[in-house]
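First up is the structure itself, then whatever we jot down about it.
The values are calculated or read from the model by the stated rules, or taken from the named source; none is laboratory data. Because the structure is a prediction, the values reported are computed rather than measured. Every residue, glycine as well, gets a Cβ built from its backbone with ideal geometry; the counts of neighbours run over all protein chains shown. Only protein heavy atoms, including side chains, enter the accessible area calculation; ligands, DNA and RNA are left aside. Shrake-Rupley method; radii C 1.70, N 1.55, O 1.52, S 1.80 Å.
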Amino acid sequence: MANSTLHSPSGIGVVDKSVMIMDALEAGPATLAQLVEVTGLARPTVHRLASALVHHRFLTRDVRGRYVIGSRMAELAQAAGSDQLLSAAGPILLRLRDATGESSQLFRRQGDSRVCVASAERPIGLRDSIPVGTQLSMKAGSAAQVLLAWEDHDRLVEGLQGARFTPTVLAGVRRRSWGESLGEREPGVASVSAPVRGPSGRVLAAVSISGPIERLSRQPGRKFAPVVAAAAQQLTELVRKNPEGELS
């Protein structure tokens, strides 16, 4: 006997039916036949909607071919806590700026770009100014390296197409847990970045510092990686202590 959806209908049929399918999977993996039985929807309808949800990564298939909740749901759940992440990032970026004397930023990936979601600018002198809201390429820069390095194989291969960095560079990022760049994004600018991770270990964001190569040197990671990685770890620990995103 079919179970009713956990939500009252919105009147938008395709949305209501898609929600019914995802609700049915809350209890665990299910075959197409099981989804048909639980939702009461026609088999062609379930197959069509489930395939579309797989395409958009709201669902995926396990090794036995059963439907399960996909990674996009986790990504959206993490994004829902972004305000708390930003609140926690502010003081940490200020301390990082003061410790290094360089502008500091927090980047998150959005599609094919990375976006500066928080920053602390160097107050005087020559600086690399990246205002909040700035969209930058995922093909260059240490923050792009960090945000790409731990992606799954297909997204990694796609991300490397046309990139200024190589698979060897990303292997080094994974080994060290930080990245550096020299003039990748902009001539004369160097940067160092480290990952912020969620409770599951997934990379949520990248903490960075950036400035002129003359100040950061041609080996900026050797000089600044420990303090940048420490700032990223502070944010990681705050996220892990507050897995619901309720950071104070």
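See the values below:
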{"read-out": "Boolean, residue 156 is open to solvent by less than 40 Å² (accessible area, probe 1.4 Å) and in contact (Cβ under 8 Å) with a residue 40 or more places away in the chain", "value": "no"}
{"read-out": "Single residue of the range 179-232 satisfying the filter (of a type in the set (D, E, K, R) and in contact with a Lys or Arg (Cβ under 9 Å, 6 or more places away or on another chain)) that is nearest to residue 165 (Cα to Cα)", "value": "184"}
{"read-out": "Residue identified as surrounded by 14 or more Cβ atoms within 10 Å (Cβ to Cβ), within 21 Å of the chain's Cα centre (by Cα), among the basic types (Lys, Arg) and at pLDDT 95 or above among 185, 164, 197", "value": "164"}
{"read-out": "The range 53-65, subset under 14 Å from residue 29 (Cβ atoms) and out of contact with any helix residue (DSSP H, G or I) (no Cβ under 8 Å at 6 or more places or on another chain), residue most open to solvent (accessible area, probe 1.4 Å)", "value": "64"}
{"read-out": "Residues being part of a loop (DSSP other than H, G, I, E, B), under 19 Å from residue 221 (Cα atoms) and touching a residue at least 12 places away in the same chain (Cβ under 8 Å) - total across the range 159-189", "value": "9"}
{"read-out": "Residue 149 vs. criteria under 19 Å from residue 216 (Cα atoms), surrounded by 15 or more Cβ atoms within 10 Å (Cβ to Cβ), in contact (Cβ under 8 Å) with a residue 12 or more places away in the chain and among the hydrophobic types (A, V, I, L, M, F, W, C)", "value": "no"}
{"read-out": "Search result, residues across the range 128-148 that are over 15 Å from residue 113 (Cβ atoms) and touching a Pro at 6+ places or on another chain (Cβ under 8 Å)", "value": "128"}
{"read-out": "Residue under evaluation residue 180, criteria (1) touching a Ser or Thr at 6+ places or on another chain (Cβ under 6 Å); (2) charged (D, E, K, R); (3) within 29 Å of residue 57 (Cα to Cα); (4) modelled with pLDDT of 95 or more, criterion not met", "value": "(3)"}
{"read-out": "Residue 135 vs. criteria within 22 Å of residue 222 (Cβ to Cβ) and within 16 Å of the chain's Cα centre (by Cα)", "value": "no"}
{"read-out": "Residue match in the range 100-118 (condition: surrounded by fewer than 21 Cβ atoms within 10 Å (Cβ to Cβ), within 15 Å of the chain's Cα centre (by Cα), among the β-branched types (Val, Ile, Thr) and under 18 Å from residue 233 (Cα atoms))", "value": "yes"}
{"read-out": "Any chance residue 225 is out of contact with any helix residue (DSSP H, G or I) (no Cβ under 6 Å at 6 or more places or on another chain), closer than 13 Å to residue 92 by Cβ and surrounded by 19 or more Cβ atoms within 10 Å (Cβ to Cβ)", "value": "no"}
